[in-house]
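K.L.:
Structure below; questions to follow.
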Amino acid sequence: MPATKMKATIKSVATDLFYRKGYYATAISDIARGSGIQKASIYYHYASKEDLLFSILETTMDDLTVYIRETLEGVSDVEERLRVAIRGHVGFHLTRQKENFIANSELRGLSSQNFRAIVRMRDAYERIFQDLIRRGIDDGAFAVVDVKILSYAILTLCTAGASWFKPDGRLNVDEIALIYENFIISGLKQAEGAVLRPPVAALSG
């Protein structure tokens, strides 16, 4: 098997095992056995089990960011841009469920350096949503909110589906994404003109 194909196979097997068993409960020997190779052969492709985990998380964040940016291309209406981003975020997390579940449950398996690298990627991704919300406020499409807090709330809500979604469940990916989309947009538009920032006293306390 070509080296690039074997590397992809190892990564796919590791993703499945990390999802089912957890990162810490998965041994390199488990990954090697699932890949049909000797344990020592793993290290030809990946320096360590953590290197495998980091590769999964890095690729997932890269793919997510590229996907969302592509879905926003050609969409100019501010409300529709956020709707598209929400649908895209939910859809990506449900269709790439294993990787996203790992990304949200196994960060503790990373060294401080690798952890910081993933956090930087997440921060850059969060800014896409923060910019969309901020533009909606500036254009009068959304009520005034704390942009950072709302972006965290939206992304946390939309990401959670990776932990409970069942492909053969009652609703499909598009139906679930639409529920999230309408719920979030409705919340941002509620009480048109209302200021949803907390009072100064609450912030200073």
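Every number here is computed from the coordinates shown, using simple stated rules; none is lab data. Because the structure is a prediction, the values reported are computed rather than measured. Cβ placement follows ideal geometry from the backbone for every residue including glycine, while neighbour counts extend to all protein chains displayed.
K.L.:
Relative contact order for the chain: what is it in percent, counting Cα pairs under 8 Å that are at least 6 residues apart?
P.N.:
Worked out over the chain, it gives 23 percent.
K.L.:
Would you pull out the residues with amide H under 5 Å of Phe142's amide H, same chain only if 5 or more places away, H placed 1.01 Å from N?
P.N.:
It is Ile137, by chain and number.
K.L.:
Among 37-49, 97-109, how do they line up from the highest to the lowest mean number of other beta-carbon atoms within 10 Å?
P.N.:
97-109, 37-49
K.L.:
List, in the order given, every pair from Lys11/Lys166; Lys21/Lys49; Lys21/Lys98; Lys7/Lys39; Lys39/Lys98; Lys49/Lys166 whose Cα-Cα distance in the structure shown is over 18 Å.
P.N.:
Lys11/Lys166; Lys39/Lys98; Lys49/Lys166
K.L.:
Only four residue types carry charge here, +1 at the Cβ of Lys and Arg and -1 at the Cβ of Asp and Glu. Report the dipole size of the range 1-46 about the Cα centre in Debye, rounded to the nearest 20.
P.N.:
For the range 1-46, the charge dipole is close to 40 debye.
K.L.:
Among all helices in the chain defined by DSSP H, which have a length of 20 Å or more along the axis from Cα atoms plus a Kyte-Doolittle mean of at least -1.0?
P.N.:
3-21, 49-72, 78-95, 112-138, 173-189
K.L.:
Hey, what number do you get for the chain at 222 nm if only DSSP H runs of n ≥ 4 count, each worth -39500 (n - 2.57), divided across all residues, to the nearest 500?
P.N.:
After summing the helix terms and dividing by the residues of the chain, the value is -23500 deg cm²/dmol.
K.L.:
Here is a further query. Rank by packing, highest mean first: peptides 131-140, 164-173, with packing defined as the count of other Cβ atoms within 10 Å averaged across residues.
P.N.:
131-140, 164-173
K.L.:
Using a ≥ b ≥ c from the Cα gyration tensor of the chain (square roots of the eigenvalues), is it rounded, prolate or oblate, where a/c under 1.5 gives rounded and otherwise the larger of a/b and b/c decides, a/b for prolate?
P.N.:
prolate
K.L.:
Okay, moving on. Determine the relative contact order of the range 1-46: mean sequence separation of Cα pairs under 8 Å and six or more apart, normalised by residue count, in whole percent.
P.N.:
36
K.L.:
Another question, if that's okay. Placing +1 at every Lys and Arg Cβ and -1 at every Asp and Glu Cβ, with all other atoms neutral, what dipole size does the chain have around its Cα centre, in debye to the nearest 20?
P.N.:
Roughly 820 debye for the chain.
K.L.:
Could I ask something else about it? Packing-wise, with mean Cβ within 10 Å as the measure, how do 54-63, 73-82, 144-153 rank, highest first?
P.N.:
54-63, 144-153, 73-82
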